[in-house]
1. Can you tell me the equivalent ellipsoid semi-axes for the range 80-245? Use √(5λ) from the Cα gyration tensor, largest first, whole Å.
2. Given just the C-alpha atoms of the chain, how large is their convex hull per residue in cubic angstrom?
3. Run the helix sum for the chain: -39,500 (n - 2.57) per DSSP H stretch of 4+ residues, divided by residue count, reported at 222 nm to the nearest 500 deg cm²/dmol.
4. If you stretched the chain out fully between Ile210 and Glu29, how much longer would it get, using 0.36 nm times the residue separation minus the C-alpha to C-alpha distance?
5. Dividing the alpha-carbon Rg of the range 166-308 by 2.2 N^0.38 Å yields what?
6. Sort out for me the Cα centre separation of the range 140-216 from the range 235-251, rounded to whole Å.
7. How much length would be gained if the chain were fully extended between Lys41 and Tyr135, taking 0.36 nm per residue of separation minus their Cα-Cα distance, in nm to one decimal?
8. Expressed as an acute angle from 0 to 90° and rounded to the nearest 10, what is the orientation of the C-alpha long axis of helix 2-25 relative to the principal long axis of the chain?
Amino acid sequence: MKKQLYIYSTLLIVAFIFHSCEDLEVVEEPDFEVAFNTTVKVGEPVNFKINNAPDFLYFYSGDFQHQYKFKDRTKAKGKVTMSFLNSQKWGKGSNATETLSVWYSKDYDGSGTAEAVGSASWTEITDRFNISTLYDFTFQSSGVVEITDLADEDLIYFGFKYFSDNVTDRGAEWYFDDFTIKADVEGAPAPLTVANDNDPGFQTVDVQGIHTGWNRAKWYFDTGKKHWRMRGNSNKIVNEDWLITNAINLTKVSPDKGIALKTYSEKLESFTYTYTEAGTYTVTFLGKNETIHDKQEKNQEFTITVTD
């Protein structure tokens, strides 16, 4: 009899544990509520009140680069432009002009060697840009130049080539900064950034006239001035040096992002957000309840009007 009671009790415990595990695997759909003033002024913090916040909650404000409908957009469809700042000084004779040129390649292997630069196919596009002739180190804009004709899904490299074969006169010194590529896309009040100084970054390649000094006769980043410099052929050598971007996909843009308001262990009852421009915005909240067993999501959309 005792043995039967023991077996029965054990079965009850196992059934209870099994039922409890099943309960843990059940994930309920988020059932949160949001309240806020739907008409506000520019610069006025909007107080969003959250009732019954889910495990995870994300906020898409609806303004530039924070629209829920573009959260998965990674391809740009529209005009692509490129610009940079440049300036030069000290060049004498034929070195006073035309020692800097602009090129692109779609078959460069990105390895950063002189051999790779030499074996790649490079197309010159210098005539599209304003190359400085001011001779006083005052930065000059290249102009915002359309390069849509180069935009496809192939990777592209842009190279800024310094070349001088005048070994008699002093070589020019160049400054280079603010490299930017942007794309016009649907729903954006301003172009989206495709690449800039830090992304994708640059590599330097000494092809000819290599000098052992760390900042002699070559491109280098001046950590004091915070921009790129080319010292030129002050040592009276035939000199070819390249400042080359890392690989760029001209059709690729970053998806719009939401703000993570809450994680599983946090409590959230309210938060504020401030709009800086007038307009009508679609506000989206993405709520998630999630365990290792399952996940449930729910979106809520609202409209907010921001006035001057």
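Taken together, the values in this text are just the output of simple stated rules run on the coordinates, not laboratory data. The structure displayed is predicted, hence computed values, not measured ones. Here the Cβ is made from the backbone with ideal geometry for all residues, glycine too, and neighbour counts use every protein chain on show.
1. On the way: eigenvalues 146, 66, 39 Å².
Gyration-tensor ellipsoid for the range 80-245: 27, 18, 14 Å.
2. On the way: hull volume 69.8 nm³, N = 308.
It comes to 227 Å³ per residue, whole-number rounded.
3. -3000 deg cm²/dmol
4. Working: separation 181, 0.36 × 181 = 65.16 nm, distance 6.51 nm.
Computed gain between Ile210 and Glu29 is 58.7 nm.
5. 1.72
6. 7
7. Numbers: separation 94, 0.36 × 94 = 33.84 nm, distance 4.83 nm.
Taking 0.36 nm per residue and subtracting the Cα distance, the gain is 29.0 nm.
8. Between the helix axis and the principal axis of the chain, the angle is about 40 degrees.
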